[in-house]
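Data first, discussion second: the structure below is written as structure tokens.
Computed from the coordinates by the stated procedures, all read-outs in this text should not be read as laboratory data. Since this is a predicted model, take the numbers as computed values, not measurements. No Cβ is skipped: glycine too gets one built from the backbone with ideal geometry, and neighbour counts run over all protein chains shown.
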Amino acid sequence: MAGTLLTFCVCSVWVKSGGADAFDLAVNGFVQSFERPPLTVAMIIVSNLAAWYVLIPAALLFLAFPKTRRPLGIPAGVVLVLSGALNYLLKLSFAVTRPEIHRLVTVADYSYSFPSGHTMTSAAFVFACAALSFRFALKPLAKFAIMTGAALFVFAVGVSRIYLGVHHATDVLAGWAAGVFVCAITITVLFRKYT
């Protein structure tokens with residue numbers, strides 16, 4: 001947990017000082033150099049899978065079934081709400097503008113970019129679901145597969161936000177760090193008995 005908090009703090013200081021500009025340009029340029037129509041479609045799909053209109057119904061689905069409500073739905077729902085609220089407050093406090101070049105999708109011009117909301121909320125929610133589902137997966141290989149799948153998805157979401165030109169690389173790094181931090185704190189403090 002300390003590592004994620006430290007990562008977020010380093011990114012935020014780096015961004016606010018203006019020192020991250022060269023890094024952001026280099027990483028964004030590298031990721032966007034792979035632009036191809038089929039990959040753009042895939043990146044839009046991945047990005048949309050991390051949007052509020054997918055994550056909220058997923059949490060509601062877990063809440064709908066008695067077997068998953070207490071061990072998965074309630075904790076994952078709390079993580080989703082906390083990460084979304086914290087992301088909103090962080091965006092307002094940092095007020096970092098989005099990249100203005102090479103944008104492949106439309107986003108609200110009034111929305112800020114640091115930290116990435118898609119990245120932060122998907123990291124918090126997906127890792128919470130993965131950790132909480134361990135009680136259903138008895139074999140170590142199943143647990144490994146669940147966590148690997150979660151990590152690959154969260155990584156893909158972050159890369160998609162850079163590829164689509166709606167976030168700087170540091171927005172994504174900070175989003176990953178903050179999302180994992182929210183997940184870890186919430187699960188260990190509020191819902192330890194569920195893991």
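Annotations
- Taking 13 Å as the straight-line reach from the Cα of K91, the aspartates and glutamates in range (excluding those fewer than 8 positions away in the same chain) are D171.
- Label point distance in nm, S93-A42, each placed 7 Å from Cα along Cα→Cβ: 3.7
- For segment 2-194, the alpha-carbon radius of gyration amounts to 1.03 times the rule-of-thumb value 2.2 N^0.38 Å expected for a compact globular protein.
- Residue-averaged 222 nm ellipticity for the chain, from DSSP H runs of 4+ at -39500 (n - 2.57), nearest 500: -23500 deg cm²/dmol
- Oblate is the label for segment 8-118. Its Cα gyration tensor axes, ordered a ≥ b ≥ c, give a/c of at least 1.5 and b/c at or above a/b.
- Qualifying chymotrypsin sites (Phe, Trp or Tyr not before Pro) in segment 124-191, where qualification requires a DSSP coil assignment and no more than 16 other C-beta atoms within 10 Å, comprise F136.
- Taking each residue as 0.36 nm, the span from V81 to V13 lengthens on full extension beyond its C-alpha to C-alpha distance by 21.9 nm.
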